[in-house]
1. Here's a check for you: in the range 1-27, which residue that is small (G, A, S) and at pLDDT 95 or above is surrounded by the fewest Cβ atoms within 10 Å (Cβ to Cβ)?
2. When you go through (1) part of a loop (DSSP other than H, G, I, E, B); (2) closer than 27 Å to E3 by Cα; (3) not small (G, A, S) one by one for I94, which number turns out not to apply?
3. Would you please name the residue that is nearest to the chain's Cα centre (by Cα), looking only at residues in the range 66-89 that are surrounded by 15 or more Cβ atoms within 10 Å (Cβ to Cβ) and not in a helix (DSSP H, G or I)?
4. Please tell me if K111 is without any contact (Cβ under 8 Å) to a residue 60 or more places away in the chain, in a helix (DSSP H, G or I) and exposed (fewer than 14 other Cβ atoms within 10 Å of the Cβ).
5. Taking V42, is it outside any loop (DSSP other than H, G, I, E, B), in contact with a strand residue (DSSP E or B) (Cβ under 8 Å, 6 or more places away or on another chain) and over 19 Å from I116 (Cβ atoms)?
6. Which of (1) touching a residue at least 40 places away in the same chain (Cβ under 8 Å); (2) surrounded by fewer than 20 Cβ atoms within 10 Å (Cβ to Cβ); (3) in contact with a Pro (Cβ under 9 Å, 6 or more places away or on another chain) does N31 not meet, given it meets every other one?
7. Got a sec? Which of L100, L63 is under 27 Å from K9 (Cβ atoms), out of contact with any Cys (no Cβ under 8 Å at 6 or more places or on another chain) and surrounded by 13 or more Cβ atoms within 10 Å (Cβ to Cβ)?
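The values are calculated or read from the model by the stated rules, or taken from the named source; none is laboratory data. Here the structure is a predicted model, which is why all the values come from computation and not from measurement. Glycine also receives a Cβ, built like all others from the backbone with ideal geometry; neighbour counts cover every protein chain displayed.
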Amino acid sequence: MSEKTIFKKIIDGELPSYKIYEDDDFLVFLNIYPLNPGHTLVIPKQEVRWVWQVEKYDEYLKLARLVALAHQKVFNTEMIFMDVRGDEVPHAHIHIRSNLPNDGTEKNFEKIAEKIKKAL
């Protein structure tokens, strides 16, 4: 990838984010344009376009599962959506979000990120 994606800029600390989890290989943070409360992105730090290209694929999906389970606890709902994408940003990513309506009332990203962190 020649030009830095928005995700690479977040990984490199050039853009702020509401981090939920980070290690040497992965980063989990809130989507600043949420479709639902707590809409979360799980990305590899490895710059690849598609999820199936992630070298540590098993660890990646295990982390996404942990985040989905944390969402169930935090948002008190069984239904959690997990969308595997790569089209809107050319960097592998998984969207994890609840089925709750986005009524605009939960705007405190720091508070939401902290709740999900604690539930991991």
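1. Quick first cut of the range 1-27, residues small (G, A, S) only: 2, 13, 17.
Cutting the leftovers down to at pLDDT 95 or above gives us 13, 17.
On the way: G13: 8, S17: 21.
Out of the qualifying residues, it is G13.
2. Here I94 clears every test but (1).
3. By that ranking, first place goes to M82.
4. On the way: without any contact (Cβ under 8 Å) to a residue 60 or more places away in the chain: yes; in a helix (DSSP H, G or I): yes; exposed (fewer than 14 other Cβ atoms within 10 Å of the Cβ): yes.
Yes.
5. On the way: outside any loop (DSSP other than H, G, I, E, B): yes; in contact with a strand residue (DSSP E or B) (Cβ under 8 Å, 6 or more places away or on another chain): yes; over 19 Å from I116 (Cβ atoms): no.
Criteria not met by V42.
6. Unmet for N31, out of (1) touching a residue at least 40 places away in the same chain (Cβ under 8 Å); (2) surrounded by fewer than 20 Cβ atoms within 10 Å (Cβ to Cβ); (3) in contact with a Pro (Cβ under 9 Å, 6 or more places away or on another chain): (3).
7. Checking each option against the conditions leaves just L63.
The rows are residues; the columns are (1) basic (K, R); (2) at pLDDT below 95; (3) under 27 Å from K4 (Cβ atoms).
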position	(1), (2), (3)
Y33	no, yes, yes
G38	no, yes, yes
R49	yes, yes, yes
V54	no, no, yes
R65	yes, no, no
L69	no, no, no
P101	no, yes, no
N108	no, yes, no
K117	yes, no, yes
